[in-house]
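Trainee: Structure below; questions to follow.
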Amino acid sequence: MRRVLICAGTGCVASGSRKVTARLKEELDRQGLAEQIKVVNTGCHGFCEQGPIVIVEPGDIFYCQVQEKDVPDIVAKTLANGEVVDRLLFKEPGSGQAVTRYHDIHFYAKQQRLVLKNCGHIDPENLDEYLAVEGYEGLKRALTTMTREQVIEEVKLSGLRGRGGAGFPTGVKWEFAYNSPGDKKYVVCNADEGDPGAFMDRSILEGDPHAVIEGMLICGYAIGADEGYIYVRAEYPLATHRLRVAIAQATDRGYLGENILGTGFNFKLKIKEGAGAFVCGEETALLTSIEGNRGMPRVRPPFPAVKGIWEKPTNINNVETFANVPVILRKGGSWYASIGTERSKGTKVFALTGKIINTGLAEVPMGITMREIIFDIGGGIQKGKEFKAVQIGGPSGGCLPKELLDLPVDYDSLTQAGAMMGSGGLVVMDETTCMVDVARFFLNFTQKESCGKCTPCREGTKRMLEILTRITEGKGEMTDIERLERLAKVVKNTALCGLGQTAPNPILTTLRYFRDEYEAHINEASCPARVCKELITYWIHQEKCNGCTRCARSCASSAIAGAAKQPHSIDPAKCSKCGVCIEKCRQGAIVKLTGKERQLVKH
Amino acid sequence: MCQCCCSAEPVVDPKAQKLAGVFSKYRGEKGALIPVLQAAQEIYGYLPKEVLESIARELKMPLSKVYGVVTFYAQFHLKPRGRYVIRVCQGTACHVRGASQIMEALQEKLAIKDGETTTDLKFTLESVACLGACGLAPVMMVNDETHGRLTKDVVLKILEQYE
């Protein structure tokens, strides 16, 4: 039977995939094809920029940016006659070549998808589709053929490390919880994906929720827990919905609840919706939030494995970590350990965003270089601009320069370079991104999200933000750089939790790799990337301007004067520096001046 | 028949009735405060003082604790909010693709600042750290609908859809 897979992830829904689904069903009904062709709403393909994505099986035909109006063609040509609709095919950036088959697209061809394997290929709201792709086989193997100790050994053998940030070995963590005395234990899934620029957990929950549930069940069996919580971020309504459906179906069919698979193992699972606090991604903060308190972290030890929710031993892992567990149990720990590097095993999902051509989720084996991810899979930098830096690991990570593009991506290399794996967000920046502004942006974020419990984080982030703001406004002094470095080190060494300890990373890495930009801001009142508003002036090149008046008509501040067909000019006193005029100008006559160049327009 | 001590006045208000339903659903459950607050906010649109007081009574905890939790989390609101809540993503991916200009355009059009509500209670404007739709950056949500690939012009057109 032919199947049409339509992505119903957050990204594609925003681009109109629900309308495409409705129209397709209508069209199939009208043509009497509804019986022969099945329409399936899937989860995310991780290529959201190209959404809505429609795949026709068999044939693996990949259509992108499909709109309602394209549906009749898909039905008449592809579904009725087996022809391909050329205009909907994906065109490779650079060569412009159209690609028909999903797996031939560069973006996918270079990936190794273990965790994301089912995302986009099965209906996440239908348990049978998960079962058809060996779903719950890992659980079956664990429950029926292995002891609890053997399961832990298998996970240890796989070398799996936590995918939420710090990279602690998962099997060892399970063992701690297993060894903790107590008759009541809990399993918690951290789905409070708060790092801006990371959306792999959302994608997994929306596309393959049963894999996460299966991973949690295996963990529950291994450590001796009979109850679990999934703590989902408030901003992810669709993921929450899919989880609810999945839990209900799994309970119905005996994969959750009492006497699972007839083995006497009991496990119940509840969803806790977060209420909007970044710090709750920190494990002790998350646990206290589940208990109904202000989500503030506490000192460890005792670790959650000893005292977690309601003081009971608790094992907490993130979504991607749990999603790796079923395949480890199915194919074995040593198989899993054959992928990746010596100390970082398996694959990691990265979220490619920012000024990159192919925005989306890329799952790659550990140890691949940053260059391969950004240029081979990501297709390089948008609009032919030059690569400047990549920010890895969210607000706690660091900015790495082009000299480090050949760095292998694994836990230890990244930490050594001053960044961290974090959740796997990769935000690519080009020459038009100011690194001081980026550091200020992250500090602004961590400062707002600081819970205020410990002094170094509460006060330190605020002071560091003040200094950075001063520098971006051209009011900095050279002593500010030393002051920043000192403060950053103090906060890194003394803050209570991971949020505070890593908050200075963006500052430390930008100072390490882009110090000249800080110095230009301070010494020359110059923002080399022409971003910091206080340091730039908009100016119209008199010889290039043809007086078309487009800029003057679009200026909301009425700062542009000039008669038609005469060169225009901008009044710096009125200009709000919004940048609309540059977008409107077809002559490339409007430029941003910074540093000494600004003297051109001072008089 | 056990009558809850808080119902000295007869319950007639449909919202209060719904809230009573929430109370009975979570009665006896550990760690119920946050889900109860979420459900209450769903009913009232925000969390008025009286609602917080009745939650404190029902869950047998000091009002200060309830207030502490409410003010800790970004999701809870003590003031009425607009019928349409606009959440503009200010995450990294959106930031490098010009999210601040989207925010400025909205502030200008609605004549309110980040976190404020228009006087006619139609729109509330908020910034949010990341909506997880980075592929479509810059992004915003209006209630539960996500809008991506925004430009200033597009944003103003989207606002017109909400009446």
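The values are calculated or read from the model by the stated rules, or taken from the named source; none is laboratory data. Computed from a prediction, not measured in an experiment: that's the story for all the values here. Cβ sites come from the backbone with ideal geometry, for glycine too, and all protein chains shown count toward neighbours. Heavy atoms of the whole protein, side chains included, go into the accessibility calculation; ligands, DNA and RNA do not. Shrake-Rupley method; radii C 1.70, N 1.55, O 1.52, S 1.80 Å.
Trainee: Roughly how many Å is it from the Cα centre of the range A:1-76 to that of the range B:39-110, as a whole number?
Mentor: Computed from Cα coordinates, the inter-centre distance equals 36 Å.
Trainee: Another question, if that's okay. Could you please report the charge total around B:Thr118, scoring K, R as +1 and D, E as -1 over all other residues with beta-carbon less than 12 angstrom from its beta-carbon?
Mentor: Values: positive: B:Arg81, B:Arg83, B:Lys109, B:Lys113, B:Lys122; negative: B:Glu116, B:Asp120.
It works out to a net charge of +3.
Trainee: Per-residue accessible area for A:Tyr538 at 1.4 Å probe radius, Å² rounded to 10?
Mentor: 20 Å²
Trainee: So, in Å, what gap is there between the alpha-carbon centers of the range A:351-392 and the range A:429-488?
Mentor: Each part's Cα centre sits 26 Å from the other's.
Trainee: Using the alpha-carbon atoms, what tilt in degrees (0 to 90, nearest 10) does helix A:237-252 show relative to the longest principal axis of chain A?
Mentor: Helix A:237-252 and the main axis of chain A meet at about 10 degrees.
Trainee: Next question, about the same structure. Across all directions of projection, what mean area in square nanometres is found for the Cα convex hull of the range A:127-337? Don't skip to the end; give the middle numbers.
Mentor: On the way: hull surface 42.3 nm².
That works out to 10.6 nm², a quarter of the Cα hull's surface.
Trainee: Angle, helix A:319-331 long axis vs. longest principal axis of chain A, Cα atoms, 0 to 90°, nearest 10?
Mentor: 40 degrees
Trainee: Between the range B:136-161 and the range A:518-586, what is the C-alpha centre distance in whole Å?
Mentor: A separation of 26 Å, based on Cα centres.
Trainee: Grab the range A:347-430 and count how many Lys pairs have their alpha-carbon atoms under 15 Å apart, sequence gap of 8 or more, or different chains.
Mentor: Numbers: A:Lys355/A:Lys383; A:Lys355/A:Lys385; A:Lys355/A:Lys388; A:Lys355/A:Lys402; A:Lys385/A:Lys402; A:Lys388/A:Lys402.
Qualifying lysine pairs in the range A:347-430: 6.
Trainee: In terms of the Cα gyration tensor, with a ≥ b ≥ c the square roots of its eigenvalues, is chain A rounded because a/c is under 1.5, prolate because a/b exceeds b/c, or oblate? Show your work: numbers first, answer last.
Mentor: Working: a/c = 2.24, a/b = 1.28, b/c = 1.75.
Oblate shape, in that a/c is at least 1.5 and b/c is the bigger or equal ratio.
Trainee: Quick check on the range A:294-423: take the gyration tensor over C-alpha atoms, sort the square-rooted eigenvalues as a ≥ b ≥ c, and tell me if it's rounded (a/c under 1.5), prolate or oblate.
Mentor: Values: a/c = 2.26, a/b = 1.55, b/c = 1.45.
Because a/c hits 1.5 or more and a/b exceeds b/c, the range A:294-423 counts as prolate.
Trainee: So if I take the alpha carbon set of the range A:325-375, get Rg, then get Rh from the Kirkwood formula, what is the Rg over Rh ratio? Intermediate results must be reported in sequence, preceding the final value.
Mentor: Details: Rg = 13.1 Å, Rh = 12.2 Å.
Here the Rg-to-Rh quotient is 1.07.
Trainee: Using alpha carbons only, how many degrees (0 to 90, rounded to 10) separate the axis of helix A:148-158 from the longest principal axis of chain A?
Mentor: Around 40 degrees separate the two axes.
Trainee: Which lysines, on any chain, are close to B:Lys15 with Cα under 27 Å apart, when same-chain ones fewer than 8 places away are left out?
Mentor: Within the straight-line cut-off, B:Lys15 pairs with A:Lys270, A:Lys272, B:Lys25, B:Lys30, B:Lys49, B:Lys60, B:Lys65, B:Lys79, B:Lys122.
Trainee: So, one more: Please figure out what share of the DSSP beta bridges in chain B is antiparallel and state it in percent, rounded to the nearest 5.
Mentor: On the way: 7 of 13 bridges.
Close to 55 percent.
Trainee: Okay, moving on. Can you tell me how chain B classifies by the Cα gyration tensor, rounded, prolate or oblate, using a/c under 1.5 as the rounded cut? Walk me through the numbers before you get to the answer.
Mentor: Numbers: a/c = 2.86, a/b = 2.24, b/c = 1.28.
Because a/c hits 1.5 or more and a/b exceeds b/c, chain B counts as prolate.
Trainee: Also: Where in the range A:316-345 is the amide nitrogen less than 16 Å from a point lying 7 Å along the Cα-to-Cβ axis of A:Thr263?
Mentor: It comes to A:325-333, nothing else.
Trainee: In addition: Taking every pair of Cα atoms in the range B:84-162, average 1/r, invert it to obtain the Kirkwood radius, and report Rg/Rh to two decimals.
Mentor: Values: Rg = 11.2 Å, Rh = 12.1 Å.
Radius of gyration relative to Kirkwood radius: 0.92.
Trainee: Also, I was wondering about something else. Return the calculated 222 nm mean residue ellipticity for the protein assembly as shown, to the nearest 500 deg cm²/dmol, obtained by summing -39500 (n - 2.57) across DSSP H runs with n ≥ 4 and dividing by the residue count. Working shown, then result.
Mentor: Values: 29 runs with 285 residues, N = 766.
Result for the protein assembly as shown: -11000 deg cm²/dmol, rounded to the nearest 500.
Trainee: So, one more: Just to confirm a number: summing +1 for Lys and Arg and -1 for Asp and Glu over residues other than A:Glu283 whose beta-carbon lies under 11 angstrom from that of A:Glu283, what do you get?
Mentor: +1
Trainee: Got a number for the accessible area of A:His121? Probe 1.4 Å, square angstrom, nearest 10.
Mentor: Around 40 Å² of this residue is reachable by solvent.
Trainee: Still on this structure, please answer the following. Going from most exposed to least, what order do A:Thr147, A:Thr472 have by accessible area with a 1.4 Å probe?
Mentor: Greatest to least solvent exposure: A:Thr147, A:Thr472.
Trainee: Please report the relative contact order for chain A, taking Cα pairs under 8 Å with a sequence separation of at least 6, and give it as a percent rounded to a whole number.
Mentor: On the way: 1287 pairs, mean separation 68.3, N = 603.
Normalised by residue count, the contact order of chain A is 11 percent.
Trainee: Another question, then. Roughly how much of A:Trp539 is accessible, in Å² to the nearest 10, using a 1.4 Å probe?
Mentor: It works out to around 60 Å².
Trainee: What is the sum of charges, Lys and Arg at +1 and Asp and Glu at -1, for the other residues whose Cβ falls under 12 Å from the Cβ of A:Met435?
Mentor: -2
Trainee: Hull surface divided by four, with the convex hull built on the Cα atoms of the range A:435-523: how many nm²?
Mentor: Numbers: hull surface 18.9 nm².
The directionally averaged projection comes out at 4.7 nm².
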